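Shown next, in structure tokens, is the structure this report addresses.
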Amino acid sequence: MKYKFSIQQRVFHFKQPAGTSRGIYTTRTSWFIKVWEPDNPAVYGIGECAPLLDLSCDALENYEGVLNGICNIVFQTGIINDKLLRPYPSMLFGIETALLSLQRDGSTALSDTPFAHGKEGIPINGLVWMGNYDEMLERLHVKLQDGFKCVKLKIGAIDFEKELELIKVIRENFNCKQLQLRVDANGGFLPKEAMKRLEILTKYDIHSIEQPIRQHQWREMAELCKYSPLPIAFDEELIGINSKEMKNNLLDCLSPQYIVLKPSLHGGMSGTEEWIKLANERNIKSWITSALESNVGLNAIAHLAARVYGPKITFPQGLGTGQLFTDNIELPIKMKNNQIWYLKNS
């Protein structure tokens with residue numbers, strides 16, 4: 001079936017600067033795909049395409065032009081050509097979301113799960129962005145007051161000793177049974193210093209560390225995964241690894257303990273599900289997280305997590321980004337304590 005579509009660009013503004021080891025985000029640009037059947041324009045689906053500058057493999061200079069060309073091809077038939085779209089994960093994710101929403105008569109309930117029916121929430125980690133010591137400590141206190149049982153700290157930007165001080169403060173007040181602590185270095189460690197830092201972090205009962213060194217350093221990363229006393233999770237390392245053969249090769253060669261999946265970066269919904277399947281075959285665990293999308297993308301990711309990991313998800317997912325923007329889009333996803341809920345009738 002042929003579909004009509006339109007594309008709209010929108011810029012979102014962060015309530016506070018979002019710092020990572022790659023830089024600081026103050027705004028976020030997304031492209032929204034609206035798709036409908038020619039004879040029924042009143043019913044439509046919406047999907048969000050949200051590449052991250054300097055990170056996404058499809059963060060192209062002429063992003064909207066390429067997206068428009070791909071949409072022209074896809075919506076001529078309504079069939080997603082996997083080979084065509086694998087190199088463009090953020091575009092694939094937006095197209096998948098738009099078509100899924102349309103297939104559900106324009107609903108934002110993108111799964112048939114207890115989560116979609118408002119009967120279950122999905123546990124999430126609280127995210128503490130990089131900043132100076134006082135800023136991070138204040139942000140941490142807010143997350144703890146909000147009832148989070150799992151907190152992820154972005155590290156690798158300020159002095160490592162200062163970051164250790166913050167981690168020490170956490171552990172002096174909460175043991176690992178009271179609070180699960182994850183850290184994300186975003187590739188901020190140098191290979192020559194990484195192992196020593198991992199050994200130091202182990203003293204503080206850290207659940208895992210995401211991407212301790214920059215991606216594409218396979219020899220060094222394989223050594224870390226093999227000998228690190230701290231479980232390692234891949235994030236950026238998965239970007240651009242699009243075919244099944246490439247995924248198998250990476251998982252077999254590097255053998256991480258976890259993979260952290262962002263549909264906008266790691267192959268859309270279909271690519272994310274393939275990563276999970278291949279990881280499960282190797283006893284590698286995983287969780288799903290958002291990549292600073294608006295509520296449109298976050299909603300789609302939450303329903304994906306509910307479908308692939310549910311029902312009764314107990315492992316915290318990385319879906320706590322719904323309150324990042326001053327001008328987010330209103331959708332029936334709500335944060336309640338340390339969970340995200342889909343509450344259509346609230």
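The values are calculated or read from the model by the stated rules, or taken from the named source; none is laboratory data. Owing to the predicted nature of the structure, the values given are computational and were not obtained by experimental measurement. As a convention, Cβ positions derive from the backbone with ideal geometry for all residues, glycine included, and neighbour counts pool all protein chains shown. Accessible surface areas use protein heavy atoms only, side chains included; no ligands, DNA or RNA. Shrake-Rupley method; radii C 1.70, N 1.55, O 1.52, S 1.80 Å.
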Treating cross-link reach as a plain straight distance, find the lysines whose alpha-carbon is under 23 Å from the alpha-carbon of residue 285, omitting any fewer than eight places away in the same chain. 149, 152, 154, 177, 203, 226, 244, 247, 262, 277, 312
Determine ³J(HN,Hα), in whole Hz, for all residues of the range 77-83 in sequence, where each value follows from phi through the Karplus function 6.51 cos²θ - 1.76 cosθ + 1.60 and θ = phi - 60°; x replaces Gly and Pro. 10, x, 10, 7, 7, 4, 5
Percent of accessible area on the range 1-82 owned by carbon and sulfur, 1.4 Å probe? 51
Once both labels are modelled 7 Å past Cα along the beta-carbon direction, what's the residue 112-residue 40 spacing in nm? 1.7
Using modelled amide H (1.01 Å from N, peptide plane; none on Pro or chain starts), what sits under 5 Å from the amide H of residue 317, excluding residues fewer than 5 places away? 124, 125
Quick check on my link table: of 2/34; 83/334; 143/192, which ones sit more than 24 Å apart, alpha carbon to alpha carbon? 83/334; 143/192
Taking the dipole of the range 241-346 about the Cα centre (Lys, Arg +1; Asp, Glu -1; charges at Cβ), the one of 300, 339, 289 that reaches farthest to the positive side is 339
Share of antiparallel DSSP beta bridges in the chain, in percent to the nearest 5? 55
Give the residue from 164, 118, 7 lying farthest towards the positive end of the charge dipole for the chain; charges sit on Cβ (+1 for Lys and Arg, -1 for Asp and Glu) and the dipole is referred to the Cα centre. 118
Using a Cα-Cα cut-off of under 20 Å, which aspartates and glutamates could be cross-linked to residue 162, ignoring same-chain neighbours fewer than 8 residues away? 134, 135, 138, 172, 184, 193, 199, 205, 210
In Å, what is the Rg of the alpha-carbon atoms in the chain, and how long is Dmax? 19.7, 63
Pair residue 165, residue 336: separation of 7 Å Cα→Cβ label points (nm): 4.0
Hey, what's the chain come to in accessible area per residue, 1.4 Å probe, Å²? 44
In debye to the nearest 20, how big a dipole does the chain give about its Cα centre with +1 on each Lys and Arg Cβ and -1 on each Asp and Glu Cβ? 660
Heavy atoms of residue 39: accessible area, 1.4 Å probe, square angstrom to 10: 130
To the nearest 20 debye, what charge dipole does the range 150-256 have about its Cα centre, counting +1 at the Cβ of each Lys and Arg and -1 at the Cβ of each Asp and Glu? 180
Only four residue types carry charge here, +1 at the Cβ of Lys and Arg and -1 at the Cβ of Asp and Glu. Report the dipole size of the range 6-100 about the Cα centre in Debye, rounded to the nearest 20. 320
For the chain, the charge dipole (Cβ of Lys, Arg +1; Cβ of Asp, Glu -1; about the Cα centre) points to a positive end, and the Cα of 42, 209, 69 closest to that extreme belongs to 209
In the range 143-253, carbon and sulfur make up what percent of the accessible area (probe 1.4 Å)? 47
